[in-house]
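Below you'll find the structure, written out as structure tokens, and then a few comments.
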Amino acid sequence: MTNGIILLLVSFLVVCAIAVSFTKNLLVSVIIYMSYSLVMSVVWIFLESPDLAITEAAVGAGITSVLFFVTLRKIDAVEEQPEGDTSEQPAEEVSEQPAEGENAALKDTENAPAQAEAGQPQSTGGEPL
């Protein structure tokens, strides 16, 4: 019975390791890694090594995961929702017409070859010369 449970847990560890490798979303990868560490701590308990189980749970699933979450927040890989807003925001529609400032930038780039031939200074994106 115990060997079957350990075999099941080890197979779950292999699946988690492969899933982390192929996952595109960084947040999902951290969550899979955290579950890997928790299952590994259970394996250590079955192998009668409670000191390693506690260390794996505290360091692997606890501290390391928190550090990963903080890092993802710092590099803006995780979007922050305002407090009290649990609903998901609908995606904004993309307009096909450029904004007013973009029109000026487009006009400037269209006239750039003519300005270069005439010896006039070229503007970059509507900035004053």
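The values are calculated or read from the model by the stated rules, or taken from the named source; none is laboratory data. For clarity, every value in this text was computed on a predicted model and none was experimentally measured. All Cβ positions, glycine included, derive from the backbone under ideal geometry; neighbour counts span all protein chains shown.
Exactly one condition in (1) closer than 30 Å to Glu79 by Cβ; (2) buried (at least 16 other Cβ atoms within 10 Å of the Cβ) is not met by Ala17; state its number.
Exception for Ala17: condition (2).
This table checks each residue for (1) in contact with a Leu (Cβ under 9 Å, 6 or more places away or on another chain); (2) touching a residue at least 40 places away in the same chain (Cβ under 8 Å).
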{"residue": "Leu7", "(1), (2)": "no, no"}
{"residue": "Phe12", "(1), (2)": "no, no"}
{"residue": "Val15", "(1), (2)": "no, no"}
{"residue": "Ser21", "(1), (2)": "no, no"}
{"residue": "Leu26", "(1), (2)": "yes, yes"}
{"residue": "Ile32", "(1), (2)": "no, no"}
{"residue": "Leu38", "(1), (2)": "no, no"}
{"residue": "Trp44", "(1), (2)": "yes, no"}
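Could you look through the range 51-100, keep only residues that are among the β-branched types (Val, Ile, Thr), closer than 21 Å to Leu27 by Cα and surrounded by fewer than 10 Cβ atoms within 10 Å (Cβ to Cβ), and pick out the one that is modelled with the highest pLDDT?
Among those that are among the β-branched types (Val, Ile, Thr), closer than 21 Å to Leu27 by Cα and surrounded by fewer than 10 Cβ atoms within 10 Å (Cβ to Cβ), it is Ile75.
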